[in-house]
Amino acid sequence: MTLGSEQELAAAIRAATDPVRIIAGGTRPVGNPVDAEILDVSGLSGVTLYEPGALTLVVQAGTPLDEIDALLASEGQRLAFEPMDHRGLLATNGTPTIGGVIAGNLSGPRRIQAGAARDFLLGVRLVDGAGRILQNGGRVMKNVTGYDLVKLMAGSWGTLGVLTEVSLKVLPRPEAVAVLLIEGLEDHRAIAALSQALGSPFDVTGAAHVPVGLDGAPVTMIRLEGFEDSVAYRAAKLRDQLRGFGDIAIETSDRTAAGWAWVRDVAPFHGKQGDVWRLSAKPGDGPALGARLAAVGAGLLYDWGGGLVWALVPEGTDVRAHLNGVPGHARIERAGNETRARLGAFPREGAVLDRLQTALRARFDPRGILNPGLMG
């Protein structure tokens, strides 16, 4: 069922007698399989308010990201949290929408400096599992009325309510970008270089390492953004600071954007057989995680200075069984239905958080009809 308004959505949920699965662009079938009637909210699309001077955007949840990016670019602005495009990794079609981004709290390489998607979420409108239309938050960052619910919706994957409108803080686009490239580092040395860069005063906005780059060799990437003179100064200073890690090239061409999209979208795993897992841990534990996963034949990509590890593993592999006590979280990002159902796409959070999640779902979705079982 395709819906064109918030009122239609609320009526459809109130009338539902069976579980429903919420989709819009249809590009991110992440989570456990959900056998339910589809409610398509892609019709809830369009910009409600855009005030470039106030760095504020209010937009309906089904609005395509491409439209938002084009609108912001026309005013020299952007979404700071750099959301991932899953289409290449998951082999899906469709158009990514802002509601899907916020529902998944999808945050790309710039998260280490700018923050996550939820950190730019000012307010939301949503329909809960009882068909009630709720509004929370505001249109400026200082308005914290209902702040917790605004944050709660980011990362709930449509299991607490269906977003219909989001208010976001946006940021100016940088004048210049420079990327420091180091080739040939082993994983532990690469993460050490990234950690040193992130601990510097030079405001790093991207820190990634790919053990097998486009030319087959390891490549370590460090991004700086800002005013042109500042970026040039900081890049030179940071290169001097990292001399001990080998020869360092500084790339300032337009190719830098494509390089970070390659990292953001986990492009090294596109079109390759196997399951894809997303693991988060302390950056210092990244190499240990990588070594354990490499032992079972995993391909790897490190982002967030080593704190985010993407792993391509043989189909059906239970990655969590190989972590040997390294603290963190492991989520299945791509796998067949049987594997996701057997292993559970999302990690168990422990008894206390499980009880909290159960209580929240009982409050916002008392009938248990919104994407039931998607998160376990």
(request) Using the structure shown, decide if Arg87 is basic (Lys, Arg), in contact (Cβ under 8 Å) with a residue 60 or more places away in the chain and crowded, with 16+ Cβ neighbours inside 10 Å. (result) yes
(message) Against the definition (of a type outside the set (S, T, N, Q), closer than 30 Å to Phe81 by Cα, assigned to a helix (DSSP H, G or I) and not assigned by TED's automatic domain parsing to the domain that holds Leu185), how does Leu353 come out, yes or no?
(response) yes
(message) So in the range 270-327, with the set limited to residues that are over 18 Å from Leu106 (Cα atoms) and among the charged types (D, E, K, R), which one is surrounded by the most Cβ atoms within 10 Å (Cβ to Cβ)?
(response) Asp275
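I'd like the residue in the range 8-27 that is hydrophobic (A, V, I, L, M, F, W, C) and assigned to a loop (DSSP other than H, G, I, E, B) and, out of all such residues, is surrounded by the most Cβ atoms within 10 Å (Cβ to Cβ).
We begin by selecting, within the range 8-27, every residue hydrophobic (A, V, I, L, M, F, W, C); these are 9-13, 15-16, 20, 22-24.
Restricting the remaining residues to those that are assigned to a loop (DSSP other than H, G, I, E, B) gives 16, 24.
Details: Ala16: 18, Ala24: 28.
The extreme case among them is Ala24.
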(message) I'm trying to understand the selection: among the residues of the range 110-135, which are in contact with an Asp or Glu (Cβ under 9 Å, 6 or more places away or on another chain) and either modelled with pLDDT under 95 or over 30 Å from Ala178 (Cβ atoms) (or both)?
(response) Gly123, Val124, Arg125, Leu126, Val127, Asp128, Gly129, Ala130, Ile133, Leu134, Gln135
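Tally up the residues in the range 76-130 that are acidic (Asp, Glu) and farther than 21 Å from Thr256 by Cα, please. Walk me through it before giving the result.
In the first step, residues of the range 76-130 are kept if they are acidic (Asp, Glu); the result is 82, 85, 119, 128.
Of the ones still in play, those that are also farther than 21 Å from Thr256 by Cα are 119, 128.
Residues in the range 76-130 being acidic (Asp, Glu) and farther than 21 Å from Thr256 by Cα: 2 in total.
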(request) Return a yes/no flag: does the range 242-264 have any residue that is among the basic types (Lys, Arg), on the phi < 0 side of the Ramachandran plot and without any contact (Cβ under 8 Å) to a residue 12 or more places away in the chain. (result) yes
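Are any residues in the range 243-252 in a loop (DSSP other than H, G, I, E, B) and surrounded by 11 or more Cβ atoms within 10 Å (Cβ to Cβ), and if so, which ones?
The first filter runs over the range 243-252 and keeps only residues in a loop (DSSP other than H, G, I, E, B), leaving 246-247, 252.
Once the filter is applied, which keeps residues that are in a loop (DSSP other than H, G, I, E, B) and surrounded by 11 or more Cβ atoms within 10 Å (Cβ to Cβ), the range 243-252 yields Gly246, Thr252.
Scan the range 213-242 for residues that are of a type in the set (A, V, I, L, M, F, W, C), over 23 Å from Glu82 (Cβ atoms) and surrounded by fewer than 18 Cβ atoms within 10 Å (Cβ to Cβ) and report the count.
Let us first name the residues in the range 213-242 that are of a type in the set (A, V, I, L, M, F, W, C), namely 214, 217, 219, 221-222, 224, 227, 231-232, 235-236, 238, 242.
Imposing the further condition that a residue be over 23 Å from Glu82 (Cβ atoms) reduces the set to 217, 236, 242.
Filter once more, keeping what is surrounded by fewer than 18 Cβ atoms within 10 Å (Cβ to Cβ): 217, 236.
Of the residues in the range 213-242, 2 are of a type in the set (A, V, I, L, M, F, W, C), over 23 Å from Glu82 (Cβ atoms) and surrounded by fewer than 18 Cβ atoms within 10 Å (Cβ to Cβ).
Is it fair to say Leu49 is part of a helix (DSSP H, G or I) and either surrounded by fewer than 18 Cβ atoms within 10 Å (Cβ to Cβ) or assigned by TED's automatic domain parsing to the domain that holds Thr164 (or both)?
Numbers: part of a helix (DSSP H, G or I): no; either surrounded by fewer than 18 Cβ atoms within 10 Å (Cβ to Cβ) or assigned by TED's automatic domain parsing to the domain that holds Thr164 (or both): yes.
For Leu49, the condition - part of a helix (DSSP H, G or I) and either surrounded by fewer than 18 Cβ atoms within 10 Å (Cβ to Cβ) or assigned by TED's automatic domain parsing to the domain that holds Thr164 (or both) - is not met.
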(request) Examine the range 93-113 for a residue that is assigned to a strand (DSSP E or B), buried (at least 16 other Cβ atoms within 10 Å of the Cβ) and of a type in the set (A, V, I, L, M, F, W, C), and state whether such a residue exists. (result) no
(message) I'm trying to understand the selection: among the residues of the range 290-304, which are farther than 24 Å from Ala261 by Cβ and either out of contact with any helix residue (DSSP H, G or I) (no Cβ under 8 Å at 6 or more places or on another chain) or charged (D, E, K, R) (or both)?
(response) Arg292, Ala294, Gly297
(message) Take the residues in the range 178-216 that are part of a helix (DSSP H, G or I) and in contact with a Gly (Cβ under 7 Å, 6 or more places away or on another chain); name whichever of them is farthest from Lys237 (Cα to Cα).
(response) Asp187
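Of the residues that make up the range 139-155, is at least one β-branched (Val, Ile, Thr), modelled with pLDDT of 95 or more, in contact with a strand residue (DSSP E or B) (Cβ under 7 Å, 6 or more places away or on another chain) and not assigned by TED's automatic domain parsing to the domain that holds Trp304? Walk me through it before giving the result.
Restricting attention to the range 139-155, the residues satisfying the condition of being β-branched (Val, Ile, Thr) are 140, 144-145, 150.
Subset that is modelled with pLDDT of 95 or more: none.
No - not one qualifying residue is present in the range 139-155.
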(request) State all residues of the range 18-42 that are over 22 Å from the mean Cα position of the chain (by Cα) and over 14 Å from Gly94 (Cβ atoms); if no residue qualifies, say none. (result) Asp18, Pro19, Val20, Asp35, Ala36, Glu37, Leu39
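Given the residues Arg348, Arg355, which is the only one that is surrounded by fewer than 13 Cβ atoms within 10 Å (Cβ to Cβ) and without any contact (Cβ under 8 Å) to a residue 24 or more places away in the chain? Walk me through it before giving the result.
Details: Arg348 fails: without any contact (Cβ under 8 Å) to a residue 24 or more places away in the chain.
None of the other options fit; the residue is Arg355.
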(request) Only residues that are free of Cβ contacts under 8 Å to residues at least 60 places away in the same chain, of a type in the set (A, V, I, L, M, F, W, C) and surrounded by fewer than 17 Cβ atoms within 10 Å (Cβ to Cβ): list them for the range 58-84, please. (result) Ala70
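The values are calculated or read from the model by the stated rules, or taken from the named source; none is laboratory data. Fair warning: this is a prediction, and the values are worked out from it, not measured in the lab. Methodologically, a virtual Cβ is constructed for each residue, glycine included, from the backbone with ideal geometry; neighbour enumeration extends over all protein chains shown.
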